[in-house]
Amino acid sequence: MTEKRFMAGNEAIAEAAIQAGCRFYFGYPITPQNEICEYMSMRLPEVGGTFLQAESEVAAIYMTFGAAGAGARVMTSSSSPGISLMQEGISYIAAAELPCVIVNMMRGGPGLGGIHPSQADYFQATKGGGHGDYHLLVLAPHTAQEAVNLTMLAFDLADKYRNPVMILGDGNMGQMMEPVEFPPPPKTEFSKKGWILDGARNRPRRLIKTLYLDPPVLEKRNLAIASKLSEAVKNEVRFESFMVDDADIVIGAYGTVARIAKTAIKILREKGVKVGLLRPISLFPFPYQQFAKVAESGKKILVVEMSLGQMVQDVQLAVCGKTKVNFYSRVGGVVPGYDEILREVEKVVKESG
Amino acid sequence: MEVVYERPRSLFPVATHYCPGCGHGIIHRLVAEVIDELEIREKTVAVAPVGCAVLLYNYLNVDCYEAAHGRAPAIATGCKRVHPHLVVFTYQGDGDFAAIGTAEAIHVAARGEKITTIFVNNAIYGMTAGQMAPTTLIGQKSTTTPAGRKPETAGFPVRMCEIVATLPGAAYVARVSVSSPKNVVQAKKAIKKAFETQVRGLGYSLVEVLSQCPTNWHMTPFESVKWVDEKMALYYPLGEFKVPKEG
């Protein structure tokens, strides 16, 4: 099958995109995801694809819009401030129901913030981000290998739901080098692209638009997108349940933080503390039911994030007051150490007597 | 009976939403005539702007994107890179091309992207009902320059053709008007050259069309075409700023 390669997360994502059939990439350099741009500029010409360095993230997202509307598998990537600039275009892409993949390697914010890892764009990624009623499908890998697998899946989900899909990572994941292998891309079924613009030859002309001045018509469009997304909510919830079954305390964390939490869990288990991890892989749709189950079984919950409390709100929504949701975070580019998580778990143990 | 004049095949047989005396209808027709004459309707993709011409696709019978404000050149770039054999053009107003979308406008030319822009400059914001445009003339009244545009506070009007013509990636750049039958004929020639420049793969092509907006200028159609000739064409001289080197 495939050989293992030693790659940084950013490069692994870029290569996975190419192996998933992505032949068009538009982007603008920003740290800490420049390796995606650079890798694409080197690799895409080798496979007959197109790399274009845009004049801004704004232009990059609309080039992505144009290429998606023309029927191509297309990707763009950026980091937090650049993703903010793209929000207008992302809203238009969602409204026009165009499939594409957007990578956000989050860095500390707000504003120019910093260049170190963060998870402070959770709200922006999962709750819409741009204007209007829509959601991205959001996938959050916690290793380079998972980034490969999820990037490949992201293209299929984008085509299946005709919706933009975001890979939400962070600076740490983008830079860290790990062995990865490239499995054959998944073969999800999706309908033929009978809506692309490629010239009205032997067919009526087609239109890609988002303006609907008649409120009842726009309402219908909104509801159609909502109903499509509710299908995704039914079918596309992904999570990892790690040592949860016999646990008294369950850590809720995603991405880099979840990986650090696993180290803390191993050490705590050796000490006899029954702790597990519920790790959302899809942040939209969010595994609400799984967190609800944890709460119903009487387990304590500790959410750890590199934000001042964003995913924790979804966990609170899921548990609906049935158990206390403890919270620990480091922000501004500071990554919590496994020892900090360990300490927080022990605190919860002590409090619950 | 012999047919001497008919509706271009690339235009839908519908009435437009444009105000009486507006230049957009004429310009739409010229673009449609050129598409017909070059026999490219089935391989043309249009990108409509935000502004009065957002409904371009209600009139032009070609595949069409509707862009966000100012972003048409980026969308056209994405499409053209996927389908290099297609003829892709943007149709943009002065707010779209010379204000909110200036970065995209300059860089599509800088890249020598093989697309065409029809840039309609009527020196005012039409759809939002008469605010200042980047191309509003000094002294011209608008709803946001009620005492007339003053350079001390509102700056100077932008000459896009002159700027774009400095870029090596731009192969054909011309400014025309539709203020008289003679100028309409000239305008069509320029639009045709622009599309031919693209078809021949020579680079980016831009035609700026000075157009009249009687409604927001508070003039009769007749007064407005006179204003194009006597005021606009003074600041925005007509002519070709750049033509492909050979042929």
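Solvent exposure of the range B:24-242 amounts to 34 Å² per residue of accessible area, where only protein heavy atoms count and the probe is 1.4 Å. The phi torsions of the range A:193-202, fed into the Karplus equation with coefficients 6.51, -1.76 and 1.60 and a -60° offset, translate into couplings of 7, x, 10, 6, 9, 9, x, 7, 8, 6 Hz, rounded to whole numbers, with Gly and Pro shown as x.
With N residues in the range A:117-156, what two-decimal value do you get for its Cα radius of gyration over 2.2 N^0.38 Å?
Details: Rg = 11.9 Å, N = 40, 2.2 N^0.38 = 8.9 Å.
Relative to the rule-of-thumb radius for its length, the range A:117-156 sits at 1.33.
So how tilted is helix A:9-19 from the main axis of chain A? Cα-based, degrees 0 to 90, rounded to 10. It is inclined by approximately 40 degrees. Summarising the amide proton neighbourhood of B:Gln131: residues at separation of 5 or more, or on other chains, whose placed amide H is nearer than 5 Å comprise B:Tyr125, B:Thr143. With coordinates expressed along the principal axes, the C-alpha atoms belonging to the range A:1-137 extend over 41, 35, 31 Å, beginning with the largest.
Of the whole protein surface, A:Arg205 contributes about 50 Å² of accessible area at a 1.4 Å probe radius.
Could you work out how far the C-alpha centroid of the range A:139-204 sits from that of the range A:18-80, in angstrom? Going from one Cα centre to the other spans 13 Å. Model label points for A:Lys274 and A:Glu178, set 7 angstrom from Cα along the Cα-to-Cβ axis, are 2.9 nm apart.
Calculated accessible area for the range A:240-351 comes out at 42 Å² per residue, all protein chains present (probe 1.4 Å; ligands, DNA, RNA ignored).
What length, rounded to one decimal in nm, is gained on full extension from A:Thr263 through to A:Val217, with 0.36 nm per residue of separation minus their alpha-carbon distance?
Once the chain is fully extended between A:Thr263 and A:Val217, it gains 11.3 nm.
Checked against a 23 Å cut-off, the cross-linked pairs A:Lys228/A:Lys262; B:Lys141/B:Lys188; A:Lys127/A:Lys220; B:Lys43/B:Lys245; A:Lys274/A:Lys324; A:Lys187/A:Lys228 give Cα-Cα distances beyond that limit for A:Lys228/A:Lys262; B:Lys141/B:Lys188; B:Lys43/B:Lys245.
Within the set of other residues whose C-beta is less than 11 Å from the C-beta of B:Tyr204, count the net charge using Lys and Arg as +1 and Asp and Glu as -1.
Values: positive: B:Lys80, B:Arg111, B:Lys114, B:Lys242; negative: B:Glu113.
Neighbour charge sum, excluding B:Tyr204 itself: +3.
Please report the relative contact order for chain A, taking Cα pairs under 8 Å with a sequence separation of at least 6, and give it as a percent rounded to a whole number.
So the answer I get is 17 percent.
Full-extension gain between A:Phe123 and A:Thr31, please, as 0.36 nm times their residue separation minus the C-alpha to C-alpha distance. Mind dumping the intermediate values first?
Numbers: separation 92, 0.36 × 92 = 33.12 nm, distance 2.09 nm.
Contour length minus the Cα-Cα distance gives 31.0 nm.
Within the assembled protein chains, the solvent-accessible surface assigned to A:Leu308 is about 140 Å², based on a 1.4 Å probe.
What separates the Cα centres of the range B:3-43 and the range A:295-319 is a distance of 60 Å. Comparing the chain by itself with all protein chains present, which residues of the range B:22-50 are at least 30 Å² less accessible (probe 1.4 Å)? With the partner chains in place, the range B:22-50 has these residues losing at least 30 Å²: B:Glu42. Of the solvent-accessible surface of the range B:71-176, computed with a 1.4 Å probe and all protein chains present, 64% belongs to carbon and sulfur. Quick check for you: which residues of the range B:164-206 have the amide N under 16 Å from the point 7 Å beyond the Cα of B:Phe222 toward its beta carbon? Flagged as within label range: B:180-181. Lys/Arg Cβ at +1, Asp/Glu Cβ at -1, dipole of the range B:24-242 taken about the Cα centre: which of B:Ala76, B:Gly93, B:Met160 is farthest positive-ward? Toward the positive end, the furthest listed residue is B:Met160.
Taking the DSSP beta bridges in the range A:240-351 as the whole, what percent of them are antiparallel, to the nearest 5? Around 20 percent antiparallel, to the nearest 5. Label positions at B:Ala129 and B:Lys231, each projected 7 Å from the Cα along the C-beta direction, are separated by 2.1 nm. The angle between the Cα long axis of helix A:144-161 and the longest principal axis of the Cα atoms of chain A comes to about 50 degrees, rounded to the nearest 10.
Note down the magnitude of the dipole of the range B:24-242 about its Cα centre, charges +1 on Lys and Arg C-beta and -1 on Asp and Glu C-beta and zero elsewhere, to the nearest 20 debye. Mind showing how you got there, number by number?
Numbers: 22 positive and 19 negative charges, 60 e Å.
My answer is approximately 280 debye.
Using only alpha carbons, the protein assembly as shown has a radius of gyration to Kirkwood radius ratio (Rg to Rh) of 1.05.
Please turn the phi angles of the range A:41-50 into ³J(HN,Hα) values with the Karplus equation 6.51 cos²θ - 1.76 cosθ + 1.60 (θ = phi - 60°), one per residue in order, whole Hz, x for glycine and proline. Those phi angles translate into 5, 7, 8, 4, x, 5, 10, x, x, 10 Hz. Legend: distances between Cα atoms for A:Lys193/B:Lys80; A:Lys322/A:Lys350; A:Lys160/B:Lys80; A:Lys209/B:Lys226; B:Lys80/B:Lys192; A:Lys192/B:Lys192; pairs beyond 27 Å are A:Lys209/B:Lys226; A:Lys192/B:Lys192. The simple Förster model, with R0 at 45 Å and r as the Cβ-Cβ distance, assigns B:Cys19 and A:Phe190 a FRET efficiency of 0.50.
For the chain pair A and B, buried accessible area totals roughly 2600 Å², probe 1.4 Å, rounded to the nearest 100.
If you take the Cα atoms of the range B:24-242, find Rg, then find the Kirkwood Rh from the mean of 1/r over all pairs, what is Rg/Rh? Dividing the radius of gyration by the Kirkwood radius yields 0.95. The alpha carbon radius of gyration of chain A, expressed as a multiple of 2.2 N^0.38 Å, is 1.00. Summing Cβ point charges (Lys, Arg +1; Asp, Glu -1) relative to the Cα centre of the range A:220-353 gives a dipole of roughly 240 debye.
Along its three principal directions, the equivalent ellipsoid of the range A:240-351 from the Cα gyration tensor extends over semi-axes of 18, 17, 13 Å, largest first. Counting only protein heavy atoms and using a 1.4 Å probe, what share of the accessible area of chain A belongs to carbon plus sulfur, as a whole percent? The value for chain A is 54 percent carbon and sulfur by accessible area.
May I ask for the net charge around B:Gly139, where only other residues with Cβ less than 11 Å from the Cβ of B:Gly139 are counted and Lys, Arg are +1 while Asp, Glu are -1? Intermediate results must be reported in sequence, preceding the final value.
Values: positive: B:Lys141, B:Arg149, B:Lys150, B:Lys231; negative: none.
Result for the neighbourhood of B:Gly139: +4.
The values are calculated or read from the model by the stated rules, or taken from the named source; none is laboratory data. Nothing here was measured: the structure is a model prediction, and the numbers come from that model. Cβ coordinates were reconstructed from backbone atoms using ideal geometry, including for glycine residues, and neighbour counts include every protein chain displayed. Only protein heavy atoms, including side chains, enter the accessible area calculation; ligands, DNA and RNA are left aside. Shrake-Rupley method; radii C 1.70, N 1.55, O 1.52, S 1.80 Å.
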